[in-house]
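The values are calculated or read from the model by the stated rules, or taken from the named source; none is laboratory data. Worth saying up front: this structure is predicted, and the values here are computed from it rather than measured. All Cβ positions, glycine included, derive from the backbone under ideal geometry; neighbour counts span all protein chains shown. To get the accessible areas, we keep the full protein, side chains included, count just its heavy atoms, and leave off ligands, DNA and RNA. Shrake-Rupley method; radii C 1.70, N 1.55, O 1.52, S 1.80 Å.
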Amino acid sequence: MATAVQTNNLSIGYNENLLFENLNLSIPRGEISVFVGSNGCGKSTLLRSIARLLKPQEGSILLEGKEVHKLSSREVAKKMGILPQSPVSPEGLTVHDLVKQGRYPHQSWLKRWTEEDTEKVEAAMKATRVDEFRDKPVDELSGGQRQRAWIAMTLAQDTDIILLDEPTTYLDMTHQIEILDLLFELNEVHGRTIIMVLHDLNLASRYAHNIIAIKDGAVFGQGTPENVINCDLVRSVFGMECQVSKDPLFGTPHCVPFGRGRCIVPELRQAKSGA
Ligand SMILES: Nc1ncnc2c1ncn2[C@@H]1O[C@H](COP(=O)(O)OP(=O)(O)OP(=O)(O)O)[C@@H](O)[C@H]1O
Ligand SMILES: [Mg+2]
(Lines give C-alpha, C1' and ligand atoms only; values in the text may rest on other atoms or scores of the structure.)
(Ligands and ions follow the chains in the order given, each with its own letter.)
Protein backbone atom coordinates (compact mmCIF):
# COMPACT_ATOMS: atom_id res chain seq x y z
CA MET A 1 0.00 0.00 0.00
CA ALA A 2 1.44 3.36 -1.04
CA THR A 3 1.97 5.94 1.65
CA ALA A 4 0.45 9.43 1.52
CA VAL A 5 2.02 10.81 4.66
CA GLN A 6 4.86 9.48 6.73
CA THR A 7 6.40 10.83 9.91
CA ASN A 8 10.02 9.98 10.66
CA ASN A 9 11.17 10.23 14.27
CA LEU A 10 8.85 13.18 14.59
CA SER A 11 8.88 15.29 17.73
CA ILE A 12 6.29 18.03 17.99
CA GLY A 13 4.86 20.18 20.71
CA TYR A 14 4.82 23.69 22.07
CA ASN A 15 8.15 24.98 23.37
CA GLU A 16 9.37 22.58 26.05
CA ASN A 17 6.04 20.75 26.14
CA LEU A 18 6.63 17.89 23.68
CA LEU A 19 3.44 16.05 22.75
CA PHE A 20 5.00 13.46 20.47
CA GLU A 21 8.56 12.17 20.57
CA ASN A 22 10.09 9.99 17.88
CA LEU A 23 6.75 9.31 16.26
CA ASN A 24 6.91 7.01 13.24
CA LEU A 25 3.56 6.89 11.55
CA SER A 26 2.52 5.88 8.09
CA ILE A 27 -0.81 6.98 6.61
CA PRO A 28 -1.88 5.08 3.49
CA ARG A 29 -2.74 6.77 0.24
CA GLY A 30 -6.23 6.37 -1.21
CA GLU A 31 -7.84 5.45 2.10
CA ILE A 32 -9.88 7.13 4.80
CA SER A 33 -7.82 7.35 7.99
CA VAL A 34 -9.37 8.58 11.21
CA PHE A 35 -7.51 9.77 14.31
CA VAL A 36 -9.27 9.06 17.58
CA GLY A 37 -8.16 9.87 21.11
CA SER A 38 -9.14 11.81 24.17
CA ASN A 39 -9.31 15.61 24.41
CA GLY A 40 -5.88 17.17 24.53
CA CYS A 41 -3.96 14.07 23.37
CA GLY A 42 -2.55 15.97 20.41
CA LYS A 43 -4.71 15.03 17.39
CA SER A 44 -5.07 18.61 16.14
CA THR A 45 -1.40 19.30 16.77
CA LEU A 46 -0.45 16.29 14.68
CA LEU A 47 -2.84 17.20 11.88
CA ARG A 48 -1.59 20.78 11.84
CA SER A 49 2.02 19.70 11.65
CA ILE A 50 1.20 17.34 8.76
CA ALA A 51 -0.35 20.35 7.00
CA ARG A 52 2.85 22.34 7.60
CA LEU A 53 1.15 24.73 10.01
CA LEU A 54 3.40 23.68 12.90
CA LYS A 55 7.10 23.01 12.58
CA PRO A 56 8.54 19.79 14.00
CA GLN A 57 11.07 20.17 16.78
CA GLU A 58 12.81 17.10 15.42
CA GLY A 59 12.34 14.56 12.66
CA SER A 60 10.36 15.08 9.49
CA ILE A 61 7.06 14.60 7.72
CA LEU A 62 7.03 13.24 4.20
CA LEU A 63 4.22 14.05 1.83
CA GLU A 64 4.33 11.49 -0.95
CA GLY A 65 8.04 11.14 -0.28
CA LYS A 66 8.87 14.86 -0.10
CA GLU A 67 9.62 16.66 3.12
CA VAL A 68 6.61 18.88 3.85
CA HIS A 69 8.55 21.59 5.63
CA LYS A 70 10.87 22.02 2.67
CA LEU A 71 8.01 22.60 0.21
CA SER A 72 6.48 26.02 -0.37
CA SER A 73 3.02 26.72 1.05
CA ARG A 74 1.61 26.81 -2.48
CA GLU A 75 3.11 23.40 -3.33
CA VAL A 76 1.65 21.92 -0.15
CA ALA A 77 -1.73 23.60 -0.74
CA LYS A 78 -1.99 22.06 -4.19
CA LYS A 79 -1.55 18.59 -2.77
CA MET A 80 -3.24 18.88 0.59
CA GLY A 81 -6.16 20.88 1.97
CA ILE A 82 -6.90 21.26 5.66
CA LEU A 83 -10.01 22.14 7.57
CA PRO A 84 -8.72 23.20 11.02
CA GLN A 85 -10.66 22.58 14.23
CA SER A 86 -11.94 26.12 14.87
CA PRO A 87 -11.38 28.18 11.75
CA VAL A 88 -12.03 31.92 11.94
CA SER A 89 -12.95 33.96 8.88
CA PRO A 90 -12.47 37.69 8.43
CA GLU A 91 -15.50 39.71 9.52
CA GLY A 92 -18.10 40.17 6.79
CA LEU A 93 -16.54 37.66 4.37
CA THR A 94 -19.33 35.96 2.43
CA VAL A 95 -19.67 32.20 1.99
CA HIS A 96 -19.00 32.52 -1.73
CA ASP A 97 -15.82 34.52 -1.14
CA LEU A 98 -14.64 32.08 1.51
CA VAL A 99 -15.12 29.09 -0.79
CA LYS A 100 -13.36 30.95 -3.61
CA GLN A 101 -10.30 31.23 -1.37
CA GLY A 102 -9.93 27.47 -1.73
CA ARG A 103 -8.83 28.13 -5.31
CA TYR A 104 -6.02 30.43 -4.26
CA PRO A 105 -3.22 27.81 -4.62
CA HIS A 106 -4.28 27.24 -8.23
CA GLN A 107 -3.86 30.89 -9.16
CA SER A 108 -0.69 32.66 -10.23
CA TRP A 109 0.19 35.78 -12.18
CA LEU A 110 0.17 33.55 -15.24
CA LYS A 111 -3.03 31.76 -14.47
CA ARG A 112 -5.90 33.97 -13.36
CA TRP A 113 -9.41 32.90 -12.40
CA THR A 114 -10.76 30.41 -14.93
CA GLU A 115 -14.00 28.63 -15.77
CA GLU A 116 -12.61 25.57 -13.98
CA ASP A 117 -12.20 27.59 -10.78
CA THR A 118 -15.84 28.69 -10.98
CA GLU A 119 -16.95 25.11 -11.57
CA LYS A 120 -15.01 23.76 -8.58
CA VAL A 121 -16.39 26.50 -6.32
CA GLU A 122 -19.98 25.92 -7.46
CA ALA A 123 -19.63 22.13 -7.10
CA ALA A 124 -18.18 22.44 -3.60
CA MET A 125 -20.98 24.78 -2.50
CA LYS A 126 -23.61 22.50 -3.97
CA ALA A 127 -22.19 19.33 -2.39
CA THR A 128 -22.15 20.91 1.06
CA ARG A 129 -25.49 22.68 0.49
CA VAL A 130 -24.23 26.14 1.26
CA ASP A 131 -25.18 27.69 -2.09
CA GLU A 132 -28.52 28.86 -0.67
CA PHE A 133 -26.70 31.28 1.66
CA ARG A 134 -23.74 32.00 -0.58
CA ASP A 135 -24.04 35.79 -0.21
CA LYS A 136 -24.37 35.79 3.57
CA PRO A 137 -21.41 36.72 5.75
CA VAL A 138 -19.88 33.60 7.30
CA ASP A 139 -19.91 35.17 10.76
CA GLU A 140 -23.70 35.52 10.58
CA LEU A 141 -24.32 31.80 9.99
CA SER A 142 -25.21 29.12 12.52
CA GLY A 143 -22.37 26.89 13.76
CA GLY A 144 -23.35 24.04 11.42
CA GLN A 145 -23.82 26.26 8.37
CA ARG A 146 -20.44 27.84 9.05
CA GLN A 147 -18.79 24.45 9.37
CA ARG A 148 -20.24 23.42 6.00
CA ALA A 149 -18.96 26.63 4.40
CA TRP A 150 -15.46 25.79 5.60
CA ILE A 151 -15.77 22.23 4.35
CA ALA A 152 -16.81 23.69 0.98
CA MET A 153 -13.67 25.80 0.93
CA THR A 154 -11.52 22.76 1.66
CA LEU A 155 -13.26 20.77 -1.12
CA ALA A 156 -12.92 23.64 -3.63
CA GLN A 157 -9.16 23.36 -3.16
CA ASP A 158 -9.52 20.05 -5.00
CA THR A 159 -6.51 18.30 -3.48
CA ASP A 160 -5.53 14.64 -3.51
CA ILE A 161 -5.16 14.68 0.25
CA ILE A 162 -7.83 16.22 2.47
CA LEU A 163 -7.26 16.76 6.19
CA LEU A 164 -10.25 17.57 8.37
CA ASP A 165 -10.24 18.22 12.09
CA GLU A 166 -13.62 17.16 13.47
CA PRO A 167 -15.59 18.06 10.33
CA THR A 168 -18.88 16.94 11.86
CA THR A 169 -18.76 19.26 14.88
CA TYR A 170 -21.87 21.45 15.09
CA LEU A 171 -23.64 19.44 12.39
CA ASP A 172 -27.04 17.88 12.95
CA MET A 173 -27.35 14.15 12.32
CA THR A 174 -28.46 14.53 8.71
CA HIS A 175 -25.62 16.85 7.80
CA GLN A 176 -23.07 14.70 9.66
CA ILE A 177 -24.00 11.72 7.53
CA GLU A 178 -24.17 13.85 4.39
CA ILE A 179 -20.65 15.19 4.90
CA LEU A 180 -19.22 11.78 5.76
CA ASP A 181 -20.96 10.25 2.73
CA LEU A 182 -19.52 13.00 0.60
CA LEU A 183 -16.01 12.34 1.91
CA PHE A 184 -16.54 8.62 1.37
CA GLU A 185 -17.54 9.29 -2.23
CA LEU A 186 -14.52 11.53 -2.78
CA ASN A 187 -12.40 8.65 -1.60
CA GLU A 188 -14.20 5.82 -3.36
CA VAL A 189 -14.90 7.50 -6.70
CA HIS A 190 -12.12 10.04 -6.96
CA GLY A 191 -9.40 8.22 -5.01
CA ARG A 192 -8.82 11.08 -2.56
CA THR A 193 -6.92 10.34 0.62
CA ILE A 194 -8.95 11.51 3.60
CA ILE A 195 -7.29 12.02 6.97
CA MET A 196 -9.56 13.29 9.70
CA VAL A 197 -10.21 13.52 13.39
CA LEU A 198 -13.56 12.22 14.64
CA HIS A 199 -14.82 11.80 18.18
CA ASP A 200 -17.71 9.51 17.33
CA LEU A 201 -16.20 6.02 17.37
CA ASN A 202 -19.26 4.52 15.70
CA LEU A 203 -19.17 6.88 12.75
CA ALA A 204 -15.38 6.51 12.61
CA SER A 205 -15.87 2.73 12.41
CA ARG A 206 -18.43 3.06 9.64
CA TYR A 207 -16.40 5.32 7.42
CA ALA A 208 -12.72 4.65 8.13
CA HIS A 209 -10.55 2.07 6.44
CA ASN A 210 -7.85 2.83 8.93
CA ILE A 211 -8.22 3.99 12.52
CA ILE A 212 -5.29 5.54 14.35
CA ALA A 213 -5.80 5.68 18.11
CA ILE A 214 -3.54 8.13 19.92
CA LYS A 215 -2.56 7.94 23.56
CA ASP A 216 0.31 9.43 25.60
CA GLY A 217 2.16 10.81 22.59
CA ALA A 218 2.13 7.54 20.69
CA VAL A 219 0.02 5.45 18.38
CA PHE A 220 -1.79 3.05 20.70
CA GLY A 221 -3.38 1.09 17.86
CA GLN A 222 -3.73 1.34 14.11
CA GLY A 223 -5.68 -0.75 11.63
CA THR A 224 -9.16 -1.52 10.40
CA PRO A 225 -12.02 -0.60 12.77
CA GLU A 226 -12.71 -4.32 13.22
CA ASN A 227 -9.16 -4.89 14.41
CA VAL A 228 -8.77 -1.76 16.49
CA ILE A 229 -12.06 -0.84 18.17
CA ASN A 230 -12.74 -3.07 21.16
CA CYS A 231 -13.46 -2.70 24.88
CA ASP A 232 -9.80 -2.93 25.87
CA LEU A 233 -8.78 -0.13 23.52
CA VAL A 234 -11.66 2.10 24.61
CA ARG A 235 -10.76 1.49 28.26
CA SER A 236 -7.06 2.25 27.67
CA VAL A 237 -7.46 5.22 25.35
CA PHE A 238 -10.57 6.87 26.82
CA GLY A 239 -10.68 5.39 30.33
CA MET A 240 -14.25 4.29 29.73
CA GLU A 241 -16.07 0.99 30.08
CA CYS A 242 -18.28 0.10 27.14
CA GLN A 243 -19.87 -2.69 25.24
CA VAL A 244 -18.79 -3.24 21.65
CA SER A 245 -21.18 -5.03 19.32
CA LYS A 246 -21.82 -4.92 15.60
CA ASP A 247 -23.47 -1.92 13.99
CA PRO A 248 -26.90 -3.31 13.04
CA LEU A 249 -26.73 -1.76 9.55
CA PHE A 250 -23.05 -1.87 8.63
CA GLY A 251 -21.62 -4.71 10.71
CA THR A 252 -18.81 -2.41 11.86
CA PRO A 253 -17.88 -2.08 15.56
CA HIS A 254 -20.56 -0.28 17.54
CA CYS A 255 -19.56 1.04 20.91
CA VAL A 256 -22.15 1.63 23.63
CA PRO A 257 -20.64 3.45 26.60
CA PHE A 258 -21.55 2.44 30.12
CA GLY A 259 -22.63 5.18 32.44
CA ARG A 260 -25.24 5.58 35.05
CA GLY A 261 -27.84 7.52 33.02
CA ARG A 262 -31.35 6.49 33.94
CA CYS A 263 -30.09 3.63 36.12
CA ILE A 264 -29.15 6.25 38.64
CA VAL A 265 -32.75 7.53 39.09
CA PRO A 266 -33.88 5.15 41.90
CA GLU A 267 -30.61 5.88 43.71
CA LEU A 268 -31.16 9.63 43.40
CA ARG A 269 -34.76 9.40 44.55
CA GLN A 270 -33.74 7.34 47.54
CA ALA A 271 -31.03 9.82 48.44
CA LYS A 272 -33.52 12.68 48.10
CA SER A 273 -36.19 11.04 50.25
CA GLY A 274 -33.58 10.13 52.85
CA ALA A 275 -32.26 13.69 52.95
N1 LIG B 1 -1.03 26.87 20.52
C2 LIG B 1 -0.75 26.13 21.60
N3 LIG B 1 0.19 26.52 22.49
C4 LIG B 1 0.47 25.77 23.58
N5 LIG B 1 -0.11 24.59 23.86
C6 LIG B 1 -1.04 24.15 23.02
C7 LIG B 1 -1.43 24.89 21.83
N8 LIG B 1 -2.38 24.20 21.18
C9 LIG B 1 -2.60 23.09 21.90
N10 LIG B 1 -1.81 23.05 22.99
C11 LIG B 1 -1.77 21.98 24.01
O12 LIG B 1 -1.36 20.78 23.38
C13 LIG B 1 -2.13 19.68 23.85
C14 LIG B 1 -2.78 18.97 22.66
O15 LIG B 1 -3.72 19.85 22.05
P16 LIG B 1 -4.52 19.43 20.74
O17 LIG B 1 -5.34 20.59 20.37
O18 LIG B 1 -3.56 18.90 19.74
O19 LIG B 1 -5.40 18.23 21.31
P20 LIG B 1 -6.58 17.40 20.61
O21 LIG B 1 -6.22 15.96 20.71
O22 LIG B 1 -6.84 17.94 19.26
O23 LIG B 1 -7.81 17.70 21.59
P24 LIG B 1 -9.39 17.90 21.27
O25 LIG B 1 -9.98 16.53 21.17
O26 LIG B 1 -9.88 18.61 22.50
O27 LIG B 1 -9.54 18.72 20.04
C28 LIG B 1 -3.12 20.23 24.87
O29 LIG B 1 -2.61 19.98 26.14
C30 LIG B 1 -3.15 21.71 24.59
O31 LIG B 1 -3.36 22.44 25.76
MG1 LIG C 1 -8.43 18.89 18.41
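Among the candidates Leu186, Leu164, single out the residue that is at pLDDT 95 or above and within 15 Å of the chain's Cα centre (by Cα).
So the residue among Leu186, Leu164 that is at pLDDT 95 or above and within 15 Å of the chain's Cα centre (by Cα) is Leu164.
Note down all Cβ pairs under 6 Å where the first residue falls in segment 39-62 and is at positive phi, the second is more than 12 Å from ligand 1 (Cβ to nearest atom) and open to solvent by less than 20 Å² (accessible area, probe 1.4 Å), and they're at least six residues apart or on different chains.
From segment 39-62, the pairs are Arg52/Val68; Arg52/Val76; Gly59/Leu10; Gly59/Ser11.
Look through Pro137, Pro105 and report the one residue that is farther than 24 Å from Thr193 by Cα and open to solvent by less than 40 Å² (accessible area, probe 1.4 Å). Spell out how you get there, then give the answer.
Working: Pro105 fails: farther than 24 Å from Thr193 by Cα.
Exactly one of Pro137, Pro105 is farther than 24 Å from Thr193 by Cα and open to solvent by less than 40 Å² (accessible area, probe 1.4 Å), namely Pro137.
Counting residues that are of a type outside the set (Asp, Glu) and under 15 Å from the mean Cα position of the chain (by Cα), which strands (runs of 3 or more DSSP E) fully inside segment 1-96 reach at least 1? Outline the logic, then answer.
On the way: elements: 3-14, 17-28, 32-36, 58-63, 80-83.
Per the criteria, 3-14, 17-28, 32-36, 80-83.
Residues that are open to solvent by 80 Å² or more (accessible area, probe 1.4 Å), at least 1 per element: which strands (runs of 3 or more DSSP E) completely within segment 174-275 meet that?
Numbers: elements: 193-197, 210-215, 218-223, 242-246, 253-257.
Once the strands (runs of 3 or more DSSP E) in segment 174-275 are filtered for at least 1 residues that are open to solvent by 80 Å² or more (accessible area, probe 1.4 Å), what remains is 218-223, 242-246.
With respect to Ser33, determine if the residue is at pLDDT below 95 and among the small types (Gly, Ala, Ser).
no
Within segment 33-54, can one find any residue that is touching a helix residue (DSSP H, G or I) at 6+ places or on another chain (Cβ under 7 Å), open to solvent by 30 Å² or more (accessible area, probe 1.4 Å) and more than 13 Å from ligand 1 (Cβ to nearest atom)?
Yes.
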